[in-house]
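A short worksheet on the structure shown next.
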Amino acid sequence: MAEPFNAPPRSADSEGSVVPQTWLQVLVILAAIVPGFVYQISRRRVAGPGPDEAAVSIRVLRAIASSAVFGCAYGILLGPEISDLLTRPEDVAANPRGVSAAALVLVLGVPWLAARLNFYVTTATWWTGTQDWLVERLRLRRQWDPTPSAWDFAFGRQGPCWIRLLTAEGRWVGGYFGYESFASSHPDGHDIFIETGHAMSEDGRFTDEVSAPGGVFVRCDDIRMIEYLPDRTPESGASSESEGD
């Protein structure tokens, strides 16, 4: 049956459209999508980009999967409250501040903190030690290590120490690699910032002379070898190392 000539045009956002019509629908969509992206952003801020996250599609899929996990967790823990939100929106409208605060916590706060907590727990010494103990105790096969290179593996597990590097020209460079030092990671090139540089002899011994109190930057594209030496204070470490070598 044809529509009357003077009938109002149908809106693109009318019944059957996927465009959200109310604030409640917008809130549900945000709660179902945004947490995963917040989680991924927060995780990358502390853990850095993963070696398998170069493609944008991979990051998007992981964010969607993370949102699904948060959605299921919220459904288990807050099922009745969510049901009231969906079936009686008029009651919720009476407390917009409370709903907004809850949405802010669930959509942004919880995913942000969950990513930080996951990183700090899974990288803690007691966690990795427990994993190693279980693998040895139960004689399990070790899982694949996603670390992209030996460079990332070495510096990822290295605490404060003395470090010395042998260049392609046969020169030694080194100093104290402490908490103010820095080593690049995947996918950036290999370079190091050593917070306190020490003069070194031709055979690689540390001397008492502090050659770079403000630190030294080393590009490691042509470095032949890096040695990590036991942690000591810079004052006693240099002399002890010289005597010990």
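Please treat every number below as a calculation from the coordinates, not as lab data. Everything numeric in this text was worked out from a predicted model, so none of it was measured. Ideal geometry is used to build each Cβ from the backbone, glycine not excepted, and the neighbour counts take in all protein chains shown.
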Residue exposure sequence - TRP151, TRP133, TRP144, TRP162 - by fewest surrounding Cβ within 10 Å: TRP144, TRP133, TRP151, TRP162
Full-extension gain in nm, ARG44 to GLN158, via 0.36 nm per residue minus C-alpha separation: 39.0 nm
Gyration tensor (alpha-carbon) shape descriptor, region 156-214, a/c threshold 1.5: oblate
Charged-residue dipole, Cβ positions (Lys, Arg, Asp, Glu), region 150-244 about Cα centre, Debye nearest 20: 160
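Answer rounded, prolate or oblate for region 23-122, using the Cα gyration tensor with square roots of eigenvalues a ≥ b ≥ c: rounded when a/c is under 1.5, else prolate when a/b is larger than b/c, else oblate.
Prolate.
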Sorted by Cβ neighbour density within 10 Å, fewest at the top, the residues MET200, MET225: MET225, MET200
Least to most buried among LEU117, LEU138 (fewest other Cβ within 10 Å first): LEU138, LEU117
